[in-house]
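Notes to accompany the following structure.
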Amino acid sequence: MISRIAILGTGLLGTSVGLALREAGFKDTITGWNRSPEQGQVALKMGAVDALAADAIEAARASQVTLLAVPIYATLDFMEKLASVLGPEQLVTDVGSTKRLITEAGTRLYNSPERAAFLPGHPMAGKERGGAALGDANLFRGAVWLFTDDAAAERSPQAAESVKEWREWVVKMGSKTLDLDAARHDELVAWVSHLPQFTATALSALLEEEVGGAPELKDVGGRALREMTRLGASPFSMWRDIAHTNTEAVERALAALEQRLAYLRENLRTPELRDEFERANKFRRE
């Protein structure tokens, strides 16, 4: 039974996991670590973790389950470091937004009878801003938590049991689980998550240049502006790694959107504009 969890990275997602575990009835030890001591203290004061570790590797070594809630390249770095110090009774999992590189590293470094287990995961939940202070026990309620597990994994019995139990805790936190191939995951999230983010970023940057200084903007800009630019507040520090690790899929999605915008521009006075609205309405209905 899982009784010791380490959360490496007590930002929005890490803190929310700690709070959600408590809300779901986890009563044992949760240790937190953050590169920023201030963020760690916020998570501690909020009750997301019981204690803060000075050393991330030692925190993982002392835990049965380690959750990596850090940017993607930091996740890959931790995976390399932890593989040689954890044993076959331990589990490492993550919340990274792209999965191909992470899943490949998990297969290479983990998931054999003599090594720790690795379970690649991605909760489809978040906010446009990060930080422990925005942690929310209900963040994952009703969300889908994706897993891109290696079907060929040969784990120790203890690690396999921890994988099963962690997936059960994810459900207790309010999430629905879905298993996907890692390449398919990255292709899908490029369309449904990454494309909306980069579109909002481009639109927000364009508006800043064109009308950002207009004194009337606060009064003229209504709900449509707020909804379309909300993601424009997202931090570059997180999205840099996503752009670098899912470049081809994001490029394809952006190129398709560019073509679609050109089509709209060319048909502002034709019946095709109505057809485009009907297709959009159909997507929203379904």
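Please work out the C-alpha center-to-center distance from segment 32-86 to segment 224-276 and express it in whole Å.
When both Cα centres are located, 35 Å separates them.
Can you give the FRET efficiency to the nearest 0.05 for Glu58 and Arg141, using r as the Cβ-Cβ distance and R₀ = 30 Å?
0.40
Placing one identical point scatterer on every Cα of the chain and ignoring solvent, what is log10 I(q)/I(0) from the Debye formula at q = 0.09, 0.10, 0.15, 0.16 Å⁻¹?
The Cα Debye sum returns log10 ratios of -0.48, -0.59, -1.14, -1.26.
Which value in deg cm²/dmol, rounded to the nearest 500, describes the helix-derived mean residue ellipticity at 222 nm for the chain, given -39,500 (n - 2.57) per DSSP H run of n ≥ 4 and division by the residue count?
-15500 deg cm²/dmol
Quick one: grab the alpha carbon gyration tensor of segment 184-285, order the square roots of its eigenvalues as a ≥ b ≥ c, and give me rounded if a/c is under 1.5, else prolate or oblate depending on whether a/b is larger than b/c.
Cα axes put segment 184-285 in the oblate bin.
Out of the trypsin sites (Lys or Arg not before Pro) in segment 64-161, which ones are loop residues according to DSSP with at most 16 other C-beta atoms within 10 Å? Working shown, then result.
Numbers: sites: Lys81, Lys99, Arg100, Arg108, Arg115, Lys127, Arg129, Arg141, Arg155; in loops: Lys99, Arg115, Lys127, Arg129, Arg141, Arg155.
Sites meeting the loop and neighbour criteria: Arg129, Arg141.
Let me know the shape class of segment 88-212, please: from the alpha-carbon gyration tensor, a ≥ b ≥ c as square roots of the eigenvalues, rounded when a/c is under 1.5, otherwise prolate if a/b is greater than b/c, or oblate.
Prolate.
Can you list the residues, at least 5 places off or on another chain, whose amide H is less than 5 Å from the amide H of Ile7, using H built in the peptide plane?
Placed amide hydrogens put Thr31, Gly32, Trp33, Leu67 under 5 Å from Ile7.
Under 19 Å Cα-Cα from Lys127, which aspartates and glutamates qualify once same-chain neighbours fewer than 8 residues away are excluded?
Leaving aside aspartates and glutamates fewer than 8 places away in the same chain, those within reach of Lys127 are Asp94, Asp136, Glu227, Asp241.
Coordinate-derived values only; no laboratory data. On a predicted model such as this, the values are computed, not experimentally measured, just so you know. Positions of Cβ are generated from backbone atoms using ideal geometry, with glycine treated the same way; all protein chains shown enter the neighbour counts.
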